[in-house]
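The values are calculated or read from the model by the stated rules, or taken from the named source; none is laboratory data. All values reported here derive from a predicted model rather than from experimental measurement. Quick reminder, even Gly has a Cβ in these numbers, built from the backbone with ideal geometry, and neighbours come from all protein chains shown.
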Amino acid sequence: MTLSYDLVRLLTASPVEDAWEPVFPLLTVDPDGYPRVCLLSRAELTAGPDTVRCVLRSPHTIANLRGHRRAVLIVVSDRSARYLRLRVLEVVGDESAAGVVVRFSVLEVKDDTLDIPLRPMTFWSSAYVRGAERWEENRVLLDRPPAARPADGGRASGHGETIG
């Protein structure tokens, strides 16, 4: 599934301090089958034509993705909500350190709209948020291109795991 240019641009724009920034809920399923929510900012996301990548530090969200390999990312704009059905392609990194980068393939984009004005969920960014979310570290992690993985999924070399 190919993402629209506007959707890619919204997800990949750099966050700005001292401004209202969008929030993107990432829904996963826990081992008991209950939905769980992880709120992400643009500092934790990037997207391409058919993939989404995010930096995660939540052990529960990472475990849910390793267990079920599926998620839904909700993107609300001024006139529609879009639900991106995602499948985990790989998880790279160590959640006990800087965090992991999860690369998803986009399976489906559902556009939910009545073409009426909406108010997306936002947060007020600040220097505090910049530090707490580790914007600079995230950008370094997200800017690394996905590398070819060895047959062992990269575990022996510490590169990460390919899930698929």
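Checking the conditions here, which among Arg53, Arg42, Arg57 is at pLDDT below 95, of a type in the set (D, E, K, R) and within 14 Å of the chain's Cα centre (by Cα)? Selected residue: Arg57, the only one of Arg53, Arg42, Arg57 that is at pLDDT below 95, of a type in the set (D, E, K, R) and within 14 Å of the chain's Cα centre (by Cα).
Give the range 31-59 a look and list any residue that's in a loop (DSSP other than H, G, I, E, B) and either touching a Lys or Arg at 6+ places or on another chain (Cβ under 6 Å) or small (Gly, Ala, Ser) (or both), or say none.
From the range 31-59, those in a loop (DSSP other than H, G, I, E, B) are 31-34, 41, 48-50, 57-58; that's our starting set.
Answer for the range 31-59, where residues must be in a loop (DSSP other than H, G, I, E, B) and either touching a Lys or Arg at 6+ places or on another chain (Cβ under 6 Å) or small (Gly, Ala, Ser) (or both): Gly33, Ser41, Gly48, Ser58.
Does Leu56 satisfy the criteria of being under 24 Å from Arg139 (Cβ atoms), in contact (Cβ under 8 Å) with a residue 40 or more places away in the chain and touching a Cys at 6+ places or on another chain (Cβ under 9 Å)? Criteria met by Leu56. Considering (1) of a type outside the set (Phe, Trp, Tyr); (2) touching a helix residue (DSSP H, G or I) at 6+ places or on another chain (Cβ under 6 Å); (3) part of a strand (DSSP E or B); (4) within 21 Å of Pro146 (Cα to Cα), the lone condition that Thr28 does not fulfil carries the number (4).
Of the residues in the range 140-164, how many are at pLDDT 90 or above and surrounded by 15 or more Cβ atoms within 10 Å (Cβ to Cβ)?
Step one: of the range 140-164, the residues at pLDDT 90 or above are 140-142.
Checking the rest, the ones that are also surrounded by 15 or more Cβ atoms within 10 Å (Cβ to Cβ) come to 141-142.
Residues that pass the stated criteria total 2.
Considering only residues that are among the small types (Gly, Ala, Ser) and surrounded by 11 or more Cβ atoms within 10 Å (Cβ to Cβ), look in the range 1-18 and name the one that is farthest from His60 (Cα to Cα). Quick ask: steps written out before the conclusion?
First pass over the range 1-18, keeping only residues among the small types (Gly, Ala, Ser): 4, 13-14.
Imposing the further condition that a residue be surrounded by 11 or more Cβ atoms within 10 Å (Cβ to Cβ) reduces the set to 4, 13.
Values: Ser4: 30, Ala13: 27 Å.
Only one residue tops the list, namely Ser4.
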